[in-house]
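Below is one structure, written out as structure tokens; comments come after it.
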2 protein chains.
Amino acid sequence: MPKFFVPECDLSAGTVTLTGSNAEHLKVLRVRIGEEILLCDTRGRDARCAVELLGGSVRLRVLETLPSRGEPTVSAVVYASLPKGDKAETIVQKAVELGAEGICFFLTDRCVSRPDAKSTRGKMERLNKIAEAAAMQSFRGRIPEVRWLPDLASVLADACEREVRAFLWEGERDASLRSALQQRALFRSAALISGPEGGFSPEEAAQAEAAGFAAVTLGERILRCETAPLAALAAVMYESGNLG
Amino acid sequence: MPKFFVPECDLSAGTVTLTGSNAEHLKVLRVRIGEEILLCDTRGRDARCAVELLGGSVRLRVLETLPSRGEPTVSAVVYASLPKGDKAETIVQKAVELGAEGICFFLTDRCVSRPDAKSTRGKMERLNKIAEAAAMQSFRGRIPEVRWLPDLASVLADACEREVRAFLWEGERDASLRSALQQRALFRSAALISGPEGGFSPEEAAQAEAAGFAAVTLGERILRCETAPLAALAAVMYESGNLG
């Protein structure tokens, strides 16, 4: 059943009228009168709807509303240093599928890509579109937001109240993400901070530690900068019972 | 320290001479006499070496040999239905980083991409090069092999002796990969079978079940065909203590 996101849409009214790109998209899918689709209000609620009228706009009858099943029980935010090329797209798409609450990009000492304010804005717009498409495709109940933060200090401030605060660092030899997650039984929120192609500098690791973030390793293999945050997110979802 | 793979190389002889592309690569990296590099025999053993002579070839003195730390303690094989476009490359690269023992591609009912024998051979060659590069970059101790199997029946036969035999299927509502992994305490081998863009057919799921493979879900979110095997592999590595 196709799923559509209609931000802030009122599912309690009995009928919903789709216009613009949503209506166009339904027509491209060649839906017919009586056919069922899933509508999501992007606030964690879905509605099973039947197509009632097809014209310039599309009228839907709400048959049943239910909580979106695609939302995990844990709120995990991925903070990724801005990578080169299209790796930010990969991080956003996969992090949304895996259940991230949100994704933030930021600059660190060793970031190779350092866009100016204007191209950063454009990049965030594109990444938010990718997040929306990935949320639809993976049957999420909300559209995760992609945000920009200027630097590591802002990231540490943004993430400081999360129960699990993991700073993924290949310089850490002992403490593992696994032990950090298992020390916090039944955690409900997590922040995963990952570095750029060249990794975090020791100064950045010290800065994170001073702010109460645990440097953790993902093991003996060196993961690429786009693989590490996704593997860590899969671990968070697995440990909290949200990956199968 | 840069790492080089020299297949079947004898680390016990005291010195190793690199020729061809390995020697070229060392020169591109502008290594100097006395500088240290890591050499891997692709059989799970690494050697710390010092550059002794730089010419048309490069002579290295073996300072110390040690087991490759990058090899996980669990042998996991990813069996992925051949996806469209460059997703096979993504699966190979990330599966090698995450620690897969090997990767097999095969055709299923709903595969969109159905290359002929010649282009399959070419594709496997390219994918094996990607596996080699990913193994070097992630500091593996072996180069995982990428193989082609004609169909699901061959996959089920190939994987039948693995302790964990998981058939990732979005049609499964109850049994989770997590329960399959946790039922097998201290498993040492796993097979993860994943479907194409349109998923496995119910007939294929029945075929796998009849062969003793457990259909398992990865949860409520629908993962893309390249994300599902990688998330499952991350879960296998996490559960077995090989991801941090």
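The values are calculated or read from the model by the stated rules, or taken from the named source; none is laboratory data. All values derive from a computational prediction rather than experimental measurement. Counting neighbours? That spans all protein chains shown, and the Cβs are built from the backbone with ideal geometry, glycine included. We work out accessible area using only protein heavy atoms, side chains counted, and drop any ligands, DNA or RNA first. Shrake-Rupley method; radii C 1.70, N 1.55, O 1.52, S 1.80 Å.
Couple of notes before you dig in:
- Selection count where residues are more than 11 Å from chain B (Cβ to nearest Cβ) and modelled with pLDDT under 95, scope segment A:213-244: 1
- Single condition residue B:220 does not satisfy, out of (1) touching a helix residue (DSSP H, G or I) at 6+ places or on another chain (Cβ under 8 Å); (2) charged (D, E, K, R); (3) under 27 Å from residue A:69 (Cβ atoms): (1)
- Any hit, segment B:130-150, residues being within 14 Å of another protein chain (Cβ to nearest Cβ), open to solvent by 20 Å² or more (accessible area, probe 1.4 Å) and closer than 16 Å to residue B:204 by Cα: no
- Entry remark, segment B:85-96: residues being closer than 22 Å to residue B:165 by Cβ and either in contact with a Lys or Arg (Cβ under 6 Å, 6 or more places away or on another chain) or away from chain A (no Cβ under 11 Å) (or both) number 2 in total.
- Cβ-Cβ under 6 Å pairs, at least 6 apart or on other chains, segment B:185-196 side in the same structural domain as residue B:109 (by TED's automatic domain parsing), far side of a type in the set (D, E, K, R) and part of a strand (DSSP E or B): B:191/B:165
- Scan of segment A:25-50 for residues that are open to solvent by 20 Å² or more (accessible area, probe 1.4 Å) and touching a helix residue (DSSP H, G or I) at 6+ places or on another chain (Cβ under 7 Å), ordered by number: A:45
Yes or no, residue by residue, for (1) of a type outside the set (Phe, Trp, Tyr); (2) within 12 Å of another protein chain (Cβ to nearest Cβ); (3) under 18 Å from residue B:199 (Cα atoms); (4) out of contact with any Cys (no Cβ under 9 Å at 6 or more places or on another chain):
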position	(1), (2), (3), (4)
B:83	yes, no, yes, no
B:98	yes, yes, no, yes
B:103	yes, no, no, yes
B:108	yes, no, yes, yes
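- Of all residues in segment A:61-76, exactly one satisfies the criterion of being in contact (Cβ under 8 Å) with a residue 60 or more places away in the chain, open to solvent by 10 Å² or more (accessible area, probe 1.4 Å) and away from chain B (no Cβ under 11 Å), namely A:75.
- When segment B:157-187 is filtered for residues that are aromatic (Phe, Trp, Tyr) and farther than 14 Å from residue A:243 by Cα, the ones remaining, listed by number, are B:167, B:187.
- Condition check for residue A:116: surrounded by fewer than 19 Cβ atoms within 10 Å (Cβ to Cβ) and touching a residue at least 40 places away in the same chain (Cβ under 8 Å): no
- Strands (runs of 3 or more DSSP E) within segment A:17-121 that include 3 or more residues farther than 25 Å from residue B:90 by Cα: A:36-40, A:45-54, A:58-67
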